[in-house]
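Asks: Dropping the structure in here first, questions after.
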Amino acid sequence: MNQFRFSRRPDIGDKVRVSFEFFPPKTDEMEARLWDTVTRLEPLRPKFVSVTYGAGGSTRERTARTVKRILNETTLTPAAHMTCVDAARHEVDAVVREFAEMGVKRFVALRGDPAAGVGTAYRPHPDGYANGAELVGALKGAGDFDISVSAYPEKHPESPDFATDFDMLKRKADNGATRAITQFFFDNDLYERYVEKARRAGIYIPIVPGILPVHNFTQVANFSARCGALVPAWLAERFEGLQNDSQTHALVASAVAAEQVLDLVERGVSDFHFYTMNRADLVFAICHMIGIRSHETEAAGSAAA
Ligand code: FAD
């Protein structure tokens, strides 16, 4: 890494915006960890924080509870993920109304994974929305919402080719999506080429990179294989032999993610979505490196000056 190329420019923090993704906790212990994470990341003033929705609406109650708590107890702006899996249109519409009545103004609209599991064929509910684009259209009809959708720099695993993917992304944009957030990736060239191709396909909404800090390389490698994300050999080498050395693993993970994000900043990217895995430390450190400071750090700095 070239230290001069990546040295922090004082103006970067003003231009970069971040959002954070959380998943709804299953147990009291996980709930406590999530709220520690939210409390730690809140002073970074993200543009929004999103809360995922389990397959087939399996986390519906927990997603709603988490979103409600964010609305009631923090200054953060929540975005609720929604999927179409195993639900009739009127059921999806009812969930959207429930969120809207709560005060939710942002959604992440997804088709979702097949109910029988990733790798099986997706069968839309006979009365349901068939894909992300149809869900975006329904949301847009229901209110003036900010709608994020998915994008896949390495192609969606079910998709026969990139053209099919771009076709779907264009339909989502045409139906009113505000931005796309990508599946995580580790090779920035792939992302850059994907954005160029999307523009050539007439898709002009922002395509925000989804960044996954590597908390556990073995798990990330397994998950990547399932969702079609490439794990480059250099990345595997960085984590080689660190399975039982969590401290070094965390330091390497922080360096890897910071390097990726700083390189994207150099390429002109200004918005980042972090898959936090409900953990704050790596994300906080990376944000600090790109010049995003918490209220508290700024206040401490001006008091010392
Ligand atoms: P779509 O945008 O509808 O389709 C994705 C692509 O798949 C299309 O481009 C198309 O090429 C292809 N495709 C779609 N339907 C078919 C078909 N019938 N046959 C062949 N090809 C097809 N999952 C959750 O369960 N909950 C979440 O909260 C969640 N959050 C996510 C957030 C982000 C930012 C991302 C990137 C993904 C998220 N996912 C989530 C995963 C997502 O649900 C899966 O990747 C799912 O398989 C596709 O959903 P989609 O909205 O991307 O689908």
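The values are calculated or read from the model by the stated rules, or taken from the named source; none is laboratory data. Just so it is clear, the model here is predicted, and its values are computed rather than measured. Reconstructed Cβ throughout: ideal geometry from the backbone, glycine too, with neighbour counts over all protein chains shown. All accessible areas refer to the heavy atoms of the entire protein, side chains included, with ligands and DNA or RNA removed. Shrake-Rupley method; radii C 1.70, N 1.55, O 1.52, S 1.80 Å.
Asks: Provide the per-residue ³J(HN,Hα) series for the range 95-101, in order, calculated from phi with Karplus coefficients 6.51, -1.76, 1.60 and θ = phi - 60°, each as a whole number of Hz, with x at glycine and proline positions.
Replies: 5, 4, 4, 4, 5, 4, 5
Asks: Separate question: Residue-wise, which Karplus ³J(HN,Hα) couplings in Hz belong to the range 62-79, taking 6.51 cos²θ - 1.76 cosθ + 1.60, θ = phi - 60°, and x for glycine or proline?
Replies: Running phi through 6.51 cos²θ - 1.76 cosθ + 1.60 with θ = phi - 60° gives 5, 4, 4, 5, 5, 4, 4, 5, 4, 5, 7, 10, 9, 8, 7, 9, x, 10 Hz.
Asks: Here is a follow-up. Carbon-plus-sulfur fraction of the accessible area of the chain, 1.4 Å probe, in percent? Each step should come with its number before you reach the end.
Replies: Working: 7460 of 14830 Å².
Ligands and nucleic acids excluded, carbon and sulfur reach 50 percent.
Asks: A further question on this structure: Could you pull the Rg and Dmax for the chain, using just the Cα atoms, both in Å?
Replies: So, for the chain, Rg and Dmax equal 19.2, 64 Å respectively.
Asks: Please give the residues of the range 259-297, grouped as numeric ranges, whose backbone N is less than 15 Å from a label point set 7 Å along the Cα-to-Cβ vector of Arg45.
Replies: Label zone hits: 288, 291-297.
Asks: Accessible area per residue of the range 12-304 at 1.4 Å probe, in Å²? Present the calculation step by step, with values, prior to reporting the outcome.
Replies: On the way: 13640 Å² over 293 residues.
For the range 12-304, the solvent-accessible area averages 47 Å² per residue.
Asks: Return the subset of Lys47/Lys68; Lys15/Lys105; Lys15/Lys155 for which the Cα-Cα distance in this structure is over 22 Å, preserving the input order.
Replies: Working: Lys47/Lys68 17 Å; Lys15/Lys105 24 Å; Lys15/Lys155 29 Å.
Listed pairs above 22 Å: Lys15/Lys105; Lys15/Lys155.
Asks: Another question, if that's okay. How much FRET efficiency would the formula 1/(1 + (r/R0)^6) give for Lys15 and Asp93, where r is the Cβ-Cβ distance and R0 is 35 Å, rounded to 0.05? Mind showing how you got there, number by number?
Replies: Details: r = 38 Å, r/R0 = 1.09.
My answer for the efficiency is 0.40.
Asks: Right, another one. What does the charge count near His249 come to, summing +1 for each Lys or Arg and -1 for each Asp or Glu among other residues with Cβ under 15 Å from its Cβ? Before the final figure, lay out the partial values.
Replies: Details: positive: Arg238, Arg279; negative: Glu237, Glu240, Asp245, Asp281.
Net local charge, His249 excluded: -2.
Asks: Also, I was wondering about something else. Give the long-range amide H neighbours of Ser150: residues separated by 5 or more places, or on another chain, with amide H under 5 Å away, using H modelled in the peptide plane at 1.01 Å from N.
Replies: Excluding prolines and chain starts, which carry no amide H, the hits are Ile181.
Asks: Provide the packing ranking of 217-226, 267-276, 80-89, i.e. peptides ordered by the mean count of other C-beta atoms within 10 Å per residue, highest first.
Replies: Working: 217-226: 14.7, 267-276: 19.6, 80-89: 21.7.
So the peptides 217-226, 267-276, 80-89, ranked by packing, come out 80-89, 267-276, 217-226.
Asks: Moving on. HN-Hα J couplings of the range 275-282 from phi, Karplus 6.51/-1.76/1.60, θ = phi - 60°, integer Hz, Gly and Pro as x?
Replies: So the J values, rounded to whole Hz, are 7, 6, 6, 6, 10, 9, 4, 5.
Asks: Could you order the peptides 259-266, 24-31, 99-106 from most to least packed, using the average number of other C-beta atoms within 10 Å per residue?
Replies: Values: 259-266: 19.1, 24-31: 13.5, 99-106: 16.6.
Going by the mean number of other Cβ atoms within 10 Å, highest first, we get 259-266, 99-106, 24-31.
Asks: Same structure again: Each label point is 7 Å from the Cα along the Cα-to-Cβ direction; what then is the distance between the points at Val118 and Asn72, in nm?
Replies: According to this spin-label approximation, the distance is 3.4 nm.
Asks: Multiplying the sequence separation of Ala163 and Glu61 by 0.36 nm and subtracting their Cα-Cα distance, what value in nm do you get? Don't skip to the end; give the middle numbers.
Replies: Values: separation 102, 0.36 × 102 = 36.72 nm, distance 3.64 nm.
In short, 33.1 nm is gained.
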